[in-house]
1. All but one of (1) out of contact with any strand residue (DSSP E or B) (no Cβ under 9 Å at 6 or more places or on another chain); (2) of a type in the set (Gly, Ala, Ser); (3) modelled with pLDDT of 80 or more hold for Ser357; which doesn't?
2. I'd like the full set of residues that are among the β-branched types (Val, Ile, Thr) and at pLDDT 90 or above, limited to the stretch 184-212.
3. Please indicate, with yes or no, whether at least one residue in the stretch 213-234 is at pLDDT 90 or above and surrounded by fewer than 19 Cβ atoms within 10 Å (Cβ to Cβ).
4. Output yes when any residue across the stretch 331-346 is assigned to a helix (DSSP H, G or I), modelled with pLDDT of 85 or more, surrounded by fewer than 20 Cβ atoms within 10 Å (Cβ to Cβ) and in the same structural domain as Asn212 (by the TED database), and no when none is.
5. Is at least one residue of the stretch 289-296 crowded, with 19+ Cβ neighbours inside 10 Å and at pLDDT 85 or above?
6. Mind checking which pairs have a first residue in the stretch 491-507 that is in contact (Cβ under 8 Å) with a residue 24 or more places away in the chain and of a type in the set (A, V, I, L, M) and a second that is open to solvent by 30 Å² or more (accessible area, probe 1.4 Å) and part of a strand (DSSP E or B), Cβ under 6 Å, 6 or more apart or different chains?
7. Tally time: how many residues in the stretch 214-258 are in contact with a His (Cβ under 8 Å, 6 or more places away or on another chain), in a helix (DSSP H, G or I) and closer than 28 Å to Phe123 by Cβ?
8. Kindly indicate which of Asp393, Asp427, Asp380 is open to solvent by 30 Å² or more (accessible area, probe 1.4 Å), acidic (Asp, Glu) and at pLDDT 85 or above.
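The values are calculated or read from the model by the stated rules, or taken from the named source; none is laboratory data. Bear in mind that the values here come from a model prediction, so they are computed numbers and not experimental data. Methodologically, a virtual Cβ is constructed for each residue, glycine included, from the backbone with ideal geometry; neighbour enumeration extends over all protein chains shown. Surface areas here come from the heavy atoms of the whole protein model, side chains and all, with no ligands, DNA or RNA. Shrake-Rupley method; radii C 1.70, N 1.55, O 1.52, S 1.80 Å.
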Amino acid sequence: MCSSNSLYTNPKPCKHLADYKVKNGLCGYSLIQDSFRTTPYGKTTLELSKLETKPRCSICSGCCKGRLYMCLMCSSVVCCLSPESNHALLHSHNENGHEILVDVERGELYCSVCCDQVYDPDFDKAVMCKHLMGFSRIENGVEGSELRLSKRRRLSFGMDLDSKNMKRLFFRRDHKSKSCFPLGLRGLNNLGNTCFMNCVLQVLLHAPPLRNYFLGDRHNREICRKMSSDRLCLPCDIDLMFSAVFSGDRTPYSPARFLYSWWQHSENLATYEQQDAHEFFISMLDRIHDKEGKASLATKDNGDCQCIAHRAFYGLLRSDVTCASCGFTSTTHDPCMDISLDLSACNSNRKDFACKSSKPNESLIGCLDLFTRPEKLGSDQKLYCENCQEKQDALKQMSIKKLPLVLCFHIKRFEHSPTRKMSRKIDRHMQFPFSLDMKPYLASSIVRKRYGNRIFSFDNDESDVSTEFEIFAVVTHSGMLESGHYVTYLRLRNQWYKCDDAWITEVDEEVVRASQCYLMYYVQKMIYHKSCEDVSCQPMSLRADTFVPIAGCC
């Protein structure tokens, strides 16, 4: 596997930011460093009360109607209500060299000429220095050897917070650790409301099929760049991330290149606003398929695709709709990359939240039982029975036709009522097992139970497939519907680790069981135990390829 990052083509940096840094260095960053304020959820803002300027636009004296920006050159605060009323741009026209500002609400760099956020690792480091003890501060606009760095290096998207002090801080926070962490367990820096991304990336980095695929050099960045004209390749960025995370370096890694590449592939989600972790997970698999599945004629909706996303997560659901009059059954199969489960015992098709008579599902087993339970379709969903030759009342029952290597459960904690035009989050606790047998929910088991557990076989019987799974990752959500924080719990060598952005801590299983699970990831039992043997807890060297591929697992 290629471990060098020098061949990666950096996205072209903002010209105005480059010019600003050539003329002024890091002086502007150091002057406002003490004014940064970061919430426990990772959101950074400028605390204007500590600045000399007042939180009002210096041009129109507005303070709340538009977004406020502070000029790094003169500390003037300007606003931007709309493209037609852009006082930030007007300020740069009036004052030469005043193009770079800081978004007061988000604590992010903004170019008034480009009308967009711009990324600079030195700025992010200035933010981190304020809140991470042990970081050396930026003095006089430079920090140590950074005075000798070239402009291109300073504007590199490959931000790496390489600091001995950071390493000491990282290990000091792990109060409970009795041994060194497993290989590849590394924190991910929050780049501005990106906890949704970090938590899913931690899962994918430790999913055995994906780990073996990328560490096995199945997607080689050098070969991909030679064979493809695409400058931005998401699998290449994932491959780069695997190299960095499994390099042996313990300092938190900043997935800035990956974030930029994902934005280019998912422009509708290109924002610093908080996103849904489940939507990001599905988007990730789609983008991997778009690149890796190009060579085959298969689409993402069938099982013939050999891309790593489908080989790891692809499953098949079976839907049986039975006529209540004559018993005629219509069967369809739908591909799935995850299984969404209702946390409420009420019918998922209800039009509002008024459903207090039924007891809620308090366990994953209860949710799976509800998922595979026969459901009477409403009067507006009658089945056209081919036997009766007319629409009839019908029962619908779901089951699982094909199990994936990695089984993802999405717990529906966010509900939306179209009639009340309201949304809410379900904070109810749910129990879940660490070991799970999916046999009762297979199509073969469901059909046999429907017909009185008679012994018979039908096409593609799943009786010979592995149905035992072990949990290896849990993504949790805490907080409100509008704002919250995502955290991942990873189970490596039967020990749980909490991945909270840059911080990795060892936790007891009781902490995991008490969490508000949102996404749960199970892997086939045989693969889990094999991966435990392969993930070493010995002191790590700087070699990237210290792993043993799992037979039969990509």
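1. (3)
2. Restricting attention to the stretch 184-212, the residues satisfying the condition of being among the β-branched types (Val, Ile, Thr) are 194, 200, 203.
Of everything in the stretch 184-212, those that are among the β-branched types (Val, Ile, Thr) and at pLDDT 90 or above turn out to be Val200, Val203.
3. No, the stretch 213-234 contains no residue that is at pLDDT 90 or above and surrounded by fewer than 19 Cβ atoms within 10 Å (Cβ to Cβ).
4. Step one: list which residues in the stretch 331-346 are assigned to a helix (DSSP H, G or I), which gives none.
The answer is no; no qualifying residue exists.
5. Step one: list which residues in the stretch 289-296 are crowded, with 19+ Cβ neighbours inside 10 Å, which gives 289, 291-293.
This time we only want the ones that are at pLDDT 85 or above, so: 289.
Checked the stretch 289-296: at least one residue is crowded, with 19+ Cβ neighbours inside 10 Å and at pLDDT 85 or above.
6. Val507/Lys498
7. The initial filter retains those residues of the stretch 214-258 that are in contact with a His (Cβ under 8 Å, 6 or more places away or on another chain), namely 232, 234-236, 238-239.
From what's left, in a helix (DSSP H, G or I): 234-236, 238-239.
Subsequent filtering for residues that are closer than 28 Å to Phe123 by Cβ retains 234, 236, 238-239.
Looking only at that region, the number is 4.
8. Working: Asp427 fails: at pLDDT 85 or above; Asp380 fails: at pLDDT 85 or above.
The unique qualifying residue is Asp393.
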